[in-house]
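The values are calculated or read from the model by the stated rules, or taken from the named source; none is laboratory data. Source: prediction; values computed, not measured. Quick reminder, even Gly has a Cβ in these numbers, built from the backbone with ideal geometry, and neighbours come from all protein chains shown. The accessibility values were calculated without ligands, DNA or RNA, using every heavy atom of the protein model including side chains. Shrake-Rupley method; radii C 1.70, N 1.55, O 1.52, S 1.80 Å.
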Amino acid sequence: MIANIKAGQAGASLDKKESTANPKVSLESEDAIAPIATIGFTYDFNDKWFAVGSVSYAHLTTESTITVSDEEYGQLIKSTSDIEINPLLAYAGIGMRF
């Protein structure tokens, strides 16, 4: 529909008619490295039984861009987004030694 508008056929876009455009989609994303902080413990109840636990936190931020373009009409759509992921991971377990 955007190609119809760029071609001066906005009415065709409103009528939801497909254009003759051959759009190509490209995705770019920055590389990212996230530091991880972990704290944990092990507790021995006796010689056989024990408990373990840990909590980990990571902070990841990156940026990605999606571009839709056509050879005839040029860039049709460009969208940039910031991505932020902050997982908090917890682990708890009970074990037995043989």
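Descriptive notes on the structure:
- Number of positions in the range 53-63 that are among the aliphatic types (A, V, I, L, M) and either surrounded by 15 or more Cβ atoms within 10 Å (Cβ to Cβ) or under 12 Å from the mean Cα position of the chain (by Cα) (or both): 1
- Among residues of the range 21-35 being of a type in the set (G, A, S) and in a loop (DSSP other than H, G, I, E, B), the one that is nearest to T62 (Cα to Cα) is A32.
- Criterion violated by E30 - all others in (1) in contact with an Asp or Glu (Cβ under 6 Å, 6 or more places away or on another chain); (2) open to solvent by less than 60 Å² (accessible area, probe 1.4 Å) satisfied: (2)
- Search result, residues across the range 35-52 that are open to solvent by 70 Å² or more (accessible area, probe 1.4 Å) and of a type outside the set (A, V, I, L, M, F, W, C): P35, T38, T42, Y43, D44, N46, D47, K48
- Summed over the range 69-91, the residues that are more than 26 Å from the chain's Cα centre (by Cα) and surrounded by 11 or more Cβ atoms within 10 Å (Cβ to Cβ) give a count of 2.
- Residue check for I66: touching a residue at least 24 places away in the same chain (Cβ under 8 Å) and open to solvent by 50 Å² or more (accessible area, probe 1.4 Å): yes
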